Amino acid sequence: MASDTVKVGKYQIDAREYLAPGHTFCTGCAEALAIRLVCKAVGENAIIAMATGCSEVCTSPLPVTSWQLPWLHTLFENTGAEISGIEAGLKAMMRKGKVPERDIKFVAMGGDGGTSDIGLQSLSGALERGHDFLYLCWDNEAYMNTGIQRSSATPYGASTTTAPAGKLSMGQSTQKKNLVEIFAAHGIPYVATASPSYPFDLMNKVKKGIAVKGPAYIHVYTVCPTGWRTTSDRTIEIGKLATETGVFPLYEIENGKYRINYEPKTLKPVEEYLKAQGRFRHLSPAEIAKIQDKVNEDIALLKERAVRFPAG
Ligand SMILES: Cc1ncc(C[n+]2csc(CCOP(=O)(O)OP(=O)(O)O)c2C)c(N)n1
Ligand SMILES: [Mg+2]
(Lines give C-alpha, C1' and ligand atoms only; values in the text may rest on other atoms or scores of the structure.)
(Ligands and ions follow the chains in the order given, each with its own letter.)
Protein backbone atom coordinates (compact mmCIF):
# COMPACT_ATOMS: atom_id res chain seq x y z
CA MET A 1 0.00 0.00 0.00
CA ALA A 2 1.27 3.46 -0.91
CA SER A 3 0.75 4.78 2.63
CA ASP A 4 3.05 2.06 3.94
CA THR A 5 6.03 3.21 1.92
CA VAL A 6 8.17 6.30 2.04
CA LYS A 7 10.39 7.81 -0.66
CA VAL A 8 14.04 8.24 0.31
CA GLY A 9 15.92 9.79 -2.62
CA LYS A 10 15.08 7.58 -5.60
CA TYR A 11 14.13 4.65 -3.38
CA GLN A 12 10.66 3.68 -2.21
CA ILE A 13 11.06 1.88 1.10
CA ASP A 14 8.72 0.24 3.58
CA ALA A 15 7.74 2.84 6.19
CA ARG A 16 6.70 0.19 8.69
CA GLU A 17 9.02 -0.92 11.48
CA TYR A 18 9.33 -4.65 12.12
CA LEU A 19 11.84 -4.25 14.94
CA ALA A 20 10.13 -2.28 17.70
CA PRO A 21 11.99 0.20 19.91
CA GLY A 22 12.87 -0.97 23.40
CA HIS A 23 15.42 -3.58 22.35
CA THR A 24 18.65 -3.76 24.29
CA PHE A 25 21.31 -3.48 21.57
CA CYS A 26 24.39 -1.40 22.47
CA THR A 27 24.43 2.17 21.19
CA GLY A 28 25.86 2.27 17.68
CA CYS A 29 25.33 -1.46 17.01
CA ALA A 30 25.37 -2.06 13.27
CA GLU A 31 23.57 -5.37 13.73
CA ALA A 32 20.47 -3.53 15.03
CA LEU A 33 20.51 -1.17 12.06
CA ALA A 34 21.05 -4.03 9.61
CA ILE A 35 18.11 -5.99 11.01
CA ARG A 36 15.84 -2.96 10.81
CA LEU A 37 16.77 -2.35 7.16
CA VAL A 38 16.70 -6.01 6.17
CA CYS A 39 13.19 -6.47 7.59
CA LYS A 40 11.96 -3.45 5.66
CA ALA A 41 13.28 -5.06 2.47
CA VAL A 42 11.77 -8.45 3.32
CA GLY A 43 8.33 -7.06 4.23
CA GLU A 44 5.50 -8.43 6.30
CA ASN A 45 4.99 -11.92 4.84
CA ALA A 46 8.02 -13.39 6.51
CA ILE A 47 8.95 -16.00 9.08
CA ILE A 48 12.30 -15.54 10.76
CA ALA A 49 14.45 -18.18 12.47
CA MET A 50 17.27 -16.65 14.47
CA ALA A 51 20.25 -18.32 16.11
CA THR A 52 21.35 -17.45 19.61
CA GLY A 53 23.55 -14.37 19.74
CA CYS A 54 23.38 -10.63 20.39
CA SER A 55 20.46 -10.15 18.00
CA GLU A 56 18.40 -12.82 19.66
CA VAL A 57 19.21 -11.78 23.22
CA CYS A 58 18.70 -8.07 22.55
CA THR A 59 15.35 -8.46 20.76
CA SER A 60 13.66 -11.00 23.01
CA PRO A 61 14.40 -10.42 26.69
CA LEU A 62 11.57 -12.41 28.28
CA PRO A 63 8.73 -11.55 28.69
CA VAL A 64 8.92 -8.93 25.94
CA THR A 65 9.92 -8.96 22.29
CA SER A 66 10.78 -6.35 19.68
CA TRP A 67 9.65 -8.58 16.83
CA GLN A 68 6.66 -7.48 14.77
CA LEU A 69 7.09 -10.54 12.53
CA PRO A 70 6.69 -14.26 13.26
CA TRP A 71 10.05 -15.09 14.82
CA LEU A 72 11.65 -18.16 16.37
CA HIS A 73 14.75 -18.47 18.49
CA THR A 74 16.82 -21.44 17.37
CA LEU A 75 19.95 -23.05 18.72
CA PHE A 76 23.26 -22.27 17.04
CA GLU A 77 23.48 -25.79 15.70
CA ASN A 78 20.16 -26.08 13.93
CA THR A 79 19.19 -22.74 12.37
CA GLY A 80 19.62 -24.21 8.87
CA ALA A 81 17.66 -27.34 9.80
CA GLU A 82 14.91 -25.34 11.47
CA ILE A 83 14.29 -22.98 8.55
CA SER A 84 14.36 -26.02 6.22
CA GLY A 85 11.64 -27.72 8.27
CA ILE A 86 9.49 -24.59 8.45
CA GLU A 87 9.74 -24.06 4.70
CA ALA A 88 9.15 -27.68 3.72
CA GLY A 89 6.39 -28.17 6.30
CA LEU A 90 4.42 -25.05 5.43
CA LYS A 91 4.71 -25.71 1.70
CA ALA A 92 3.44 -29.27 2.22
CA MET A 93 0.49 -27.98 4.26
CA MET A 94 -0.30 -25.47 1.51
CA ARG A 95 -0.21 -28.24 -1.11
CA LYS A 96 -2.61 -30.30 0.99
CA GLY A 97 -4.91 -27.31 1.45
CA LYS A 98 -4.40 -27.30 5.22
CA VAL A 99 -3.23 -23.69 5.24
CA PRO A 100 -4.09 -21.00 2.65
CA GLU A 101 -1.61 -20.54 -0.24
CA ARG A 102 0.59 -17.55 0.50
CA ASP A 103 3.90 -16.24 -0.71
CA ILE A 104 5.85 -16.52 2.53
CA LYS A 105 9.48 -15.42 2.77
CA PHE A 106 11.58 -17.81 4.82
CA VAL A 107 14.46 -16.00 6.46
CA ALA A 108 17.19 -17.26 8.81
CA MET A 109 19.71 -15.13 10.67
CA GLY A 110 22.79 -15.86 12.75
CA GLY A 111 25.98 -14.25 13.98
CA ASP A 112 29.43 -15.05 12.63
CA GLY A 113 30.02 -17.57 15.41
CA GLY A 114 26.65 -19.20 14.82
CA THR A 115 27.29 -19.30 11.07
CA SER A 116 30.99 -19.92 10.54
CA ASP A 117 31.51 -22.33 13.45
CA ILE A 118 28.62 -23.89 15.28
CA GLY A 119 25.82 -23.74 12.70
CA LEU A 120 27.91 -24.39 9.60
CA GLN A 121 26.92 -28.02 9.17
CA SER A 122 23.14 -27.58 9.30
CA LEU A 123 23.32 -24.49 7.09
CA SER A 124 25.46 -26.35 4.54
CA GLY A 125 22.85 -29.12 4.49
CA ALA A 126 19.98 -26.68 3.99
CA LEU A 127 21.81 -24.97 1.11
CA GLU A 128 22.70 -28.29 -0.49
CA ARG A 129 19.09 -29.55 -0.31
CA GLY A 130 17.99 -26.37 -2.07
CA HIS A 131 15.41 -25.05 0.39
CA ASP A 132 13.82 -21.76 -0.60
CA PHE A 133 15.15 -19.33 2.02
CA LEU A 134 17.41 -16.38 2.64
CA TYR A 135 20.17 -16.66 5.25
CA LEU A 136 21.77 -13.53 6.68
CA CYS A 137 24.99 -13.68 8.66
CA TRP A 138 25.65 -10.76 11.01
CA ASP A 139 29.42 -10.62 10.97
CA ASN A 140 30.75 -8.67 13.94
CA GLU A 141 33.85 -10.85 13.83
CA ALA A 142 33.61 -12.53 17.26
CA TYR A 143 31.28 -14.16 19.76
CA MET A 144 30.20 -10.78 21.05
CA ASN A 145 27.21 -11.69 23.17
CA THR A 146 29.24 -13.80 25.57
CA GLY A 147 32.15 -11.38 25.88
CA ILE A 148 34.16 -10.93 22.66
CA GLN A 149 35.57 -14.43 22.16
CA ARG A 150 37.33 -15.15 18.88
CA SER A 151 35.46 -17.03 16.16
CA SER A 152 36.72 -18.37 12.84
CA ALA A 153 35.49 -15.08 11.34
CA THR A 154 37.73 -12.96 13.60
CA PRO A 155 40.36 -11.28 11.41
CA TYR A 156 44.11 -11.81 11.76
CA GLY A 157 45.60 -9.49 14.37
CA ALA A 158 42.39 -8.59 16.24
CA SER A 159 42.56 -8.74 20.02
CA THR A 160 39.71 -10.68 21.65
CA THR A 161 39.24 -12.06 25.16
CA THR A 162 40.27 -15.57 24.07
CA ALA A 163 43.03 -14.41 21.69
CA PRO A 164 44.22 -11.34 23.58
CA ALA A 165 47.09 -9.17 22.43
CA GLY A 166 49.94 -9.05 24.93
CA LYS A 167 53.63 -9.70 25.36
CA LEU A 168 53.44 -13.20 23.91
CA SER A 169 50.64 -12.76 21.40
CA MET A 170 49.55 -10.32 18.73
CA GLY A 171 45.89 -11.41 19.01
CA GLN A 172 44.16 -13.63 16.46
CA SER A 173 46.82 -15.64 14.68
CA THR A 174 44.62 -17.23 12.02
CA GLN A 175 43.03 -15.76 8.90
CA LYS A 176 39.31 -15.05 8.67
CA LYS A 177 37.32 -17.96 7.22
CA ASN A 178 35.89 -17.03 3.81
CA LEU A 179 32.22 -17.91 4.29
CA VAL A 180 31.14 -16.18 1.09
CA GLU A 181 33.25 -18.45 -1.08
CA ILE A 182 32.31 -21.51 1.00
CA PHE A 183 28.60 -20.88 0.40
CA ALA A 184 29.16 -19.88 -3.24
CA ALA A 185 30.84 -23.28 -3.67
CA HIS A 186 27.48 -24.87 -2.80
CA GLY A 187 26.30 -23.62 -6.20
CA ILE A 188 23.31 -21.75 -4.75
CA PRO A 189 21.65 -19.09 -6.93
CA TYR A 190 22.55 -15.99 -4.92
CA VAL A 191 25.40 -15.05 -2.59
CA ALA A 192 26.37 -11.49 -1.64
CA THR A 193 28.21 -9.30 0.80
CA ALA A 194 26.52 -6.19 2.20
CA SER A 195 26.85 -3.57 4.89
CA PRO A 196 24.41 -1.21 6.63
CA SER A 197 26.88 1.58 5.81
CA TYR A 198 25.47 1.15 2.27
CA PRO A 199 21.78 0.78 3.18
CA PHE A 200 20.21 0.75 -0.28
CA ASP A 201 22.73 -1.75 -1.60
CA LEU A 202 21.90 -3.93 1.43
CA MET A 203 18.14 -3.66 0.89
CA ASN A 204 18.43 -4.33 -2.86
CA LYS A 205 20.42 -7.46 -2.17
CA VAL A 206 17.86 -8.68 0.34
CA LYS A 207 15.12 -8.18 -2.25
CA LYS A 208 17.14 -10.18 -4.78
CA GLY A 209 17.86 -12.88 -2.21
CA ILE A 210 14.21 -13.40 -1.34
CA ALA A 211 13.11 -13.23 -4.99
CA VAL A 212 15.32 -16.11 -6.18
CA LYS A 213 13.94 -19.64 -6.06
CA GLY A 214 16.15 -21.66 -3.76
CA PRO A 215 18.69 -20.66 -1.15
CA ALA A 216 20.35 -17.26 -0.92
CA TYR A 217 23.10 -16.13 1.45
CA ILE A 218 24.05 -12.57 2.39
CA HIS A 219 27.09 -11.85 4.52
CA VAL A 220 26.46 -8.60 6.37
CA TYR A 221 29.32 -6.65 7.93
CA THR A 222 28.20 -5.38 11.31
CA VAL A 223 30.51 -3.02 13.16
CA CYS A 224 30.48 -3.69 16.92
CA PRO A 225 31.60 -0.65 18.96
CA THR A 226 31.81 -2.71 22.16
CA GLY A 227 33.94 -5.52 20.75
CA TRP A 228 35.94 -3.48 18.27
CA ARG A 229 36.72 -0.75 20.80
CA THR A 230 35.32 2.07 18.71
CA THR A 231 33.04 4.92 19.66
CA SER A 232 29.39 4.39 18.84
CA ASP A 233 29.13 7.49 16.62
CA ARG A 234 31.67 6.03 14.13
CA THR A 235 29.80 2.86 13.18
CA ILE A 236 28.72 3.96 9.71
CA GLU A 237 32.11 5.54 9.00
CA ILE A 238 34.05 2.42 10.03
CA GLY A 239 31.74 0.23 7.94
CA LYS A 240 32.53 2.47 4.97
CA LEU A 241 36.25 2.38 5.72
CA ALA A 242 36.13 -1.44 5.62
CA THR A 243 34.82 -1.27 2.07
CA GLU A 244 36.94 1.70 0.96
CA THR A 245 40.12 -0.08 2.09
CA GLY A 246 39.16 -3.40 0.47
CA VAL A 247 38.87 -5.20 3.82
CA PHE A 248 35.19 -5.89 3.12
CA PRO A 249 34.44 -5.56 -0.61
CA LEU A 250 30.80 -5.35 -1.69
CA TYR A 251 30.00 -7.96 -4.33
CA GLU A 252 27.43 -10.51 -5.38
CA ILE A 253 27.59 -13.91 -7.04
CA GLU A 254 24.47 -14.68 -9.08
CA ASN A 255 24.41 -18.23 -10.43
CA GLY A 256 28.19 -18.32 -10.20
CA LYS A 257 28.67 -14.93 -11.92
CA TYR A 258 30.48 -12.18 -10.04
CA ARG A 259 29.60 -8.50 -9.82
CA ILE A 260 31.65 -6.08 -7.70
CA ASN A 261 29.20 -3.42 -6.51
CA TYR A 262 31.63 -0.79 -5.31
CA GLU A 263 35.01 -0.33 -6.89
CA PRO A 264 36.90 2.82 -5.95
CA LYS A 265 39.75 3.81 -8.32
CA THR A 266 42.23 3.51 -5.49
CA LEU A 267 41.69 1.75 -2.22
CA LYS A 268 42.51 3.61 0.99
CA PRO A 269 45.38 2.16 3.06
CA VAL A 270 44.19 -0.59 5.41
CA GLU A 271 46.01 1.22 8.22
CA GLU A 272 43.24 3.87 8.23
CA TYR A 273 40.70 1.17 9.03
CA LEU A 274 42.91 -0.59 11.61
CA LYS A 275 43.91 2.58 13.45
CA ALA A 276 40.26 3.49 13.98
CA GLN A 277 39.76 0.45 16.26
CA GLY A 278 41.12 -0.44 19.67
CA ARG A 279 41.17 -4.16 18.86
CA PHE A 280 44.03 -3.51 16.37
CA ARG A 281 45.82 -0.82 18.41
CA HIS A 282 48.75 -3.10 19.34
CA LEU A 283 49.72 -4.03 15.77
CA SER A 284 53.28 -3.26 14.68
CA PRO A 285 54.00 -1.66 11.27
CA ALA A 286 55.22 -5.09 10.09
CA GLU A 287 51.92 -6.75 11.06
CA ILE A 288 49.94 -3.93 9.42
CA ALA A 289 51.98 -4.46 6.24
CA LYS A 290 51.12 -8.21 6.34
CA ILE A 291 47.43 -7.37 6.61
CA GLN A 292 47.74 -4.90 3.72
CA ASP A 293 49.40 -7.60 1.57
CA LYS A 294 46.60 -10.07 2.33
CA VAL A 295 43.92 -7.49 1.42
CA ASN A 296 45.76 -6.74 -1.84
CA GLU A 297 45.88 -10.47 -2.64
CA ASP A 298 42.20 -11.00 -1.81
CA ILE A 299 41.09 -8.02 -3.91
CA ALA A 300 43.22 -9.17 -6.86
CA LEU A 301 41.64 -12.63 -6.62
CA LEU A 302 38.13 -11.18 -6.44
CA LYS A 303 38.78 -9.00 -9.51
CA GLU A 304 40.17 -12.02 -11.34
CA ARG A 305 37.00 -13.99 -10.57
CA ALA A 306 34.85 -11.06 -11.71
CA VAL A 307 36.73 -11.02 -15.03
CA ARG A 308 36.61 -14.79 -15.51
CA PHE A 309 32.98 -15.19 -14.45
CA PRO A 310 31.31 -11.83 -15.11
CA ALA A 311 27.66 -11.14 -14.30
CA GLY A 312 25.61 -10.17 -17.37
C1 LIG B 1 26.14 -24.52 21.58
C2 LIG B 1 26.27 -23.24 22.31
N3 LIG B 1 27.49 -22.80 22.66
C4 LIG B 1 27.65 -21.63 23.29
C5 LIG B 1 26.56 -20.86 23.61
C6 LIG B 1 26.74 -19.54 24.34
N7 LIG B 1 26.57 -18.36 23.49
C8 LIG B 1 25.40 -17.67 23.47
S9 LIG B 1 25.46 -16.29 22.49
C10 LIG B 1 27.07 -16.63 22.06
C11 LIG B 1 27.83 -15.71 21.13
C12 LIG B 1 27.31 -15.69 19.73
O13 LIG B 1 28.24 -15.18 18.82
P14 LIG B 1 27.81 -14.88 17.34
O15 LIG B 1 27.12 -16.03 16.73
O16 LIG B 1 28.99 -14.35 16.60
O17 LIG B 1 26.72 -13.72 17.52
P18 LIG B 1 26.94 -12.26 18.21
O19 LIG B 1 26.55 -12.41 19.65
O20 LIG B 1 28.36 -11.88 18.02
O21 LIG B 1 26.01 -11.36 17.45
C22 LIG B 1 27.54 -17.80 22.69
C23 LIG B 1 28.89 -18.38 22.58
C24 LIG B 1 25.28 -21.32 23.23
N25 LIG B 1 24.17 -20.61 23.45
N26 LIG B 1 25.16 -22.51 22.60
MG1 LIG C 1 29.51 -12.38 16.31
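Would you check if T59 is surrounded by 22 or more Cβ atoms within 10 Å (Cβ to Cβ) and without any contact (Cβ under 8 Å) to a residue 40 or more places away in the chain? Can you show your working first?
Details: surrounded by 22 or more Cβ atoms within 10 Å (Cβ to Cβ): yes; without any contact (Cβ under 8 Å) to a residue 40 or more places away in the chain: no.
Criteria not met by T59.
T5 fulfils the conditions (1) within 16 Å of ligand 2 (Cβ to nearest atom); (2) more than 18 Å from G110 (Cα to Cα) except for a single criterion, (1).
Filtering D132, D117 for residues that are assigned to a helix (DSSP H, G or I), of a type in the set (D, E) and over 24 Å from K240 (Cα atoms) leaves a single hit, D117. Residues in the stretch 140-152 that are more than 7 Å from ligand 2 (Cβ to nearest atom) and crowded, with 24+ Cβ neighbours inside 10 Å: I148 alone. Checked against (1) in contact (Cβ under 8 Å) with a residue 24 or more places away in the chain; (2) charged (D, E, K, R); (3) away from ligand 2 (no atom under 16 Å from the Cβ), E31 passes all but a single condition, namely (3). D233 meets the conditions (1) in a loop (DSSP other than H, G, I, E, B); (2) of a type outside the set (K, R); (3) more than 20 Å from the chain's Cα centre (by Cα) in every case but one. The failed one is (1).
Looking only at the stretch 9-30, which residues are modelled with pLDDT under 95 and on the phi > 0 side of the Ramachandran plot? If the condition is that a residue be modelled with pLDDT under 95 and on the phi > 0 side of the Ramachandran plot, then G9, G22 are the ones that fit. Reported count of residues in the stretch 82-129, each being loosely packed, with under 13 Cβ neighbours inside 10 Å and either in contact with a helix residue (DSSP H, G or I) (Cβ under 6 Å, 6 or more places away or on another chain) or closer than 25 Å to C58 by Cα (or both), is 1. Out of all the residues in the stretch 242-253, is one or more within 16 Å of ligand 2 (Cβ to nearest atom) and under 25 Å from K303 (Cα atoms)? Within the stretch 242-253, one or more residues are within 16 Å of ligand 2 (Cβ to nearest atom) and under 25 Å from K303 (Cα atoms). Note on the stretch 84-114: residues that are hydrophobic (A, V, I, L, M, F, W, C) and within 16 Å of ligand 1 (Cβ to nearest atom) total 2.
In the stretch 156-178, the residues that are under 17 Å from C224 (Cα atoms) form Cβ pairs under 7 Å with partners that are among the acidic types (D, E) and not in a loop (DSSP other than H, G, I, E, B), at six or more places apart or across chains, as follows: G157/E287.
Looking across L250, L241, one residue alone is surrounded by 14 or more Cβ atoms within 10 Å (Cβ to Cβ) and closer than 20 Å to L179 by Cβ. It is L250.
Restricting R229, R281 to residues that are touching a strand residue (DSSP E or B) at 6+ places or on another chain (Cβ under 9 Å), within 24 Å of A163 (Cβ to Cβ), among the basic types (K, R) and at pLDDT 95 or above narrows the list to R281.
The values are calculated or read from the model by the stated rules, or taken from the named source; none is laboratory data. Not measured: the values here are computed from a predicted model. Cβ: placed from backbone, ideal geometry, glycine included. Neighbour counts: every protein chain shown.
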